[in-house]
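Taken together, the values in this text are just the output of simple stated rules run on the coordinates, not laboratory data. From a predicted model like this one, the values you see are computed outputs, not experimental measurements. Reconstructed Cβ throughout: ideal geometry from the backbone, glycine too, with neighbour counts over all protein chains shown.
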Amino acid sequence: MATTPLRVLIHGASGRMGQALLRLAAESPSHWQVVAAVTRRPPAQRVIDGVPFFAAAELSGAPDFDAAIDFSLPEGFGPVLALCAERGRALVSGTTGLEPAQRQALDAAARAIPVLWASNFSVGVAVLDELVERAARALPGWDCDIVESHHVHKKDAPSGTALTLGESAQRGGAQPRYASLRAGDIVGEHLVQFAGHGERIELVHRATSRDIFARGALQAAARLHGRAPGRYAMRDLLFDGN
């Protein structure tokens, strides 16, 4: 049975993630139809490879869509959130550096539309996150250490993903400690170690391509579309049985 492609608006289309989203969506036209690519500055071309481009100031004039995927800057987050709320459309966002007021706005919008904000869109990391909480709950009193490694240009430490994993460990009852390494061109590695007397468990995720994050965001948009209003996490879309 033929399926209708998901109509996607990509917000932050000129960035590294935006470019990856455009490329991956174009590779699977039966799954994704990019109806609008929104950039911070006015585009040099209005249509590129069949995709209409809009400046951020023209966001309200974008055609209808099923889900918006946002990897922009904090100042661009409010307008795309408002557009999704106004049109009753799902929002997937990985924009970092949000202020507390913006996070509150996200919570408020979740009462009307399905929204997902994540620090990492890797499906593998979502599974790791689930395993970390389960392990922490099953291993009370064990030491928990999270070691993350990234390329030399990454400034924040610990990484947002490491902190998210740490929150899951805390929900399971552990008290995580963090260590950060910056070396070469490492895309991203996260090791969560649980150590007891005479034994230890290591849970590891290694990313070798940044495409996994864009691919995960596209998959998240497809799974989020049609959901009830609410705040969702990547692991919710994998483990709720739908």
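From the helices alone, meaning DSSP H stretches of at least four residues, give me the mean residue ellipticity at 222 nm for the chain, per-run term -39500 (n - 2.57), in deg cm²/dmol to the nearest 500. If you can, show how the numbers build up before the last one.
Numbers: 7 runs with 84 residues, N = 242.
Result for the chain: -11000 deg cm²/dmol, rounded to the nearest 500.
What is the diffusion coefficient of segment 48-121 in µm²/s, taking the Kirkwood radius over Cα pairs and the Stokes-Einstein relation at 4 °C with a viscosity of 1.567 mPa s?
101
Give me the distance in nm between label points sitting 7 Å out from Cα along the Cα-to-Cβ direction at Arg16 and Ser209, one decimal.
It is 1.6 nm.
Nearest 10 degrees, 0 to 90: what angle lies between the long axis of helix 74-87 and the longest principal axis of the chain (Cα atoms)?
Computed tilt is about 60 degrees.
As a footprinting exposure proxy, order Arg177, Arg235 by other Cβ within 10 Å, with the fewest listed first.
Going from sparsest to densest Cβ surroundings: Arg177, Arg235.
May I ask you to derive the FRET efficiency for Phe239 and Val47 from their Cβ-Cβ distance with R0 = 35 Å, giving the value to the nearest 0.05?
Computed FRET efficiency for Phe239 and Val47 comes out at 0.30.
Give the distance, in whole Å, between the Cα centre of segment 1-49 and the Cα centre of segment 177-242.
A separation of 24 Å, based on Cα centres.
Nearest 10 degrees is fine. How inclined is helix 100-109 to the longest principal axis of the chain, computing both from alpha carbons?
70
Please arrange His151, His205 by how many other C-beta atoms lie within 10 Å of their C-beta, fewest to most.
His151, His205
I want to verify the translational diffusion coefficient of the chain in µm²/s; compute it with Stokes-Einstein, Rh as the Kirkwood radius over Cα pairs, at 10 °C and 1.306 mPa s.
D, rounded to a whole number, is 84 µm²/s.
In nm, to one decimal, how far is the modelled label at Arg200 from the one at Ser28, with both set 7 Å along Cα→Cβ?
3.7
Starting from the Cα of Glu130, move 7 Å in the Cα-to-Cβ direction to define the label point; list residues of segment 200-224 whose amide nitrogen is under 20 Å from there.
Once the point is set 7 Å along Cα→Cβ of Glu130, 202-207, 212-224 turn out to lie under 20 Å by backbone N, inside segment 200-224.
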